[in-house]
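The next block holds one structure in the form of structure tokens; read it before the comments.
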Amino acid sequence: MTYRAGDIILPATGNLAADSGKSIFLEESYKQKTGVKTFRWEIPYPCIVQLSECPEIPRPTASLNEPREQGAQPAPSAATLEFKKNLA
């Protein structure tokens, strides 16, 4: 979404947490050393410039601290990538 804050147009992404009928509330969660923090902000209807819906992105279930599976093939290096011809 994009919204107006004074004379500035700003982008915003987040989950729609609530709709009061006068404004919407976006919410974003993030991890810090002390745990998961949630940031929520209110955007009044008159300030909304563009609102679009995106499909939900699945959250990764693997931990960064867990070892990778043995036998998984590594990603190819940039030198071995080949571009396909545009058939359209």
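Among the residues of segment 3-44, write down those that are within 14 Å of the chain's Cα centre (by Cα) and under 18 Å from Pro55 (Cα atoms).
Within segment 3-44, Pro11, Ala12, Thr13, Gly14, Asn15, Leu16, Leu26, Glu27, Glu28, Ser29 meet the criteria.
For Ala79, all conditions in the list (1) outside any loop (DSSP other than H, G, I, E, B); (2) modelled with pLDDT of 85 or more; (3) surrounded by fewer than 12 Cβ atoms within 10 Å (Cβ to Cβ) hold save one; what is the number of the exception?
(2)
Name the residues in segment 1-58 that are of a type in the set (Lys, Arg) and touching a helix residue (DSSP H, G or I) at 6+ places or on another chain (Cβ under 9 Å), would you?
Arg4, Lys22
Just for segment 23-51: of the residues that are charged (D, E, K, R) and touching a Phe, Trp or Tyr at 6+ places or on another chain (Cβ under 6 Å), which one is surrounded by the fewest Cβ atoms within 10 Å (Cβ to Cβ)? Spell out the reasoning first.
Taking segment 23-51 and keeping what is charged (D, E, K, R), we get 27-28, 31, 33, 37, 40, 42.
Still in the list and also touching a Phe, Trp or Tyr at 6+ places or on another chain (Cβ under 6 Å): 28, 37, 40, 42.
Details: Glu28: 14, Lys37: 10, Arg40: 13, Glu42: 13.
So, considering only residues that are charged (D, E, K, R) and touching a Phe, Trp or Tyr at 6+ places or on another chain (Cβ under 6 Å), the one surrounded by the fewest Cβ atoms within 10 Å (Cβ to Cβ) is Lys37.
The values are calculated or read from the model by the stated rules, or taken from the named source; none is laboratory data. What you are looking at is a predicted structure, and each value in this text was computed from that prediction instead of being measured. As a convention, Cβ positions derive from the backbone with ideal geometry for all residues, glycine included, and neighbour counts pool all protein chains shown.
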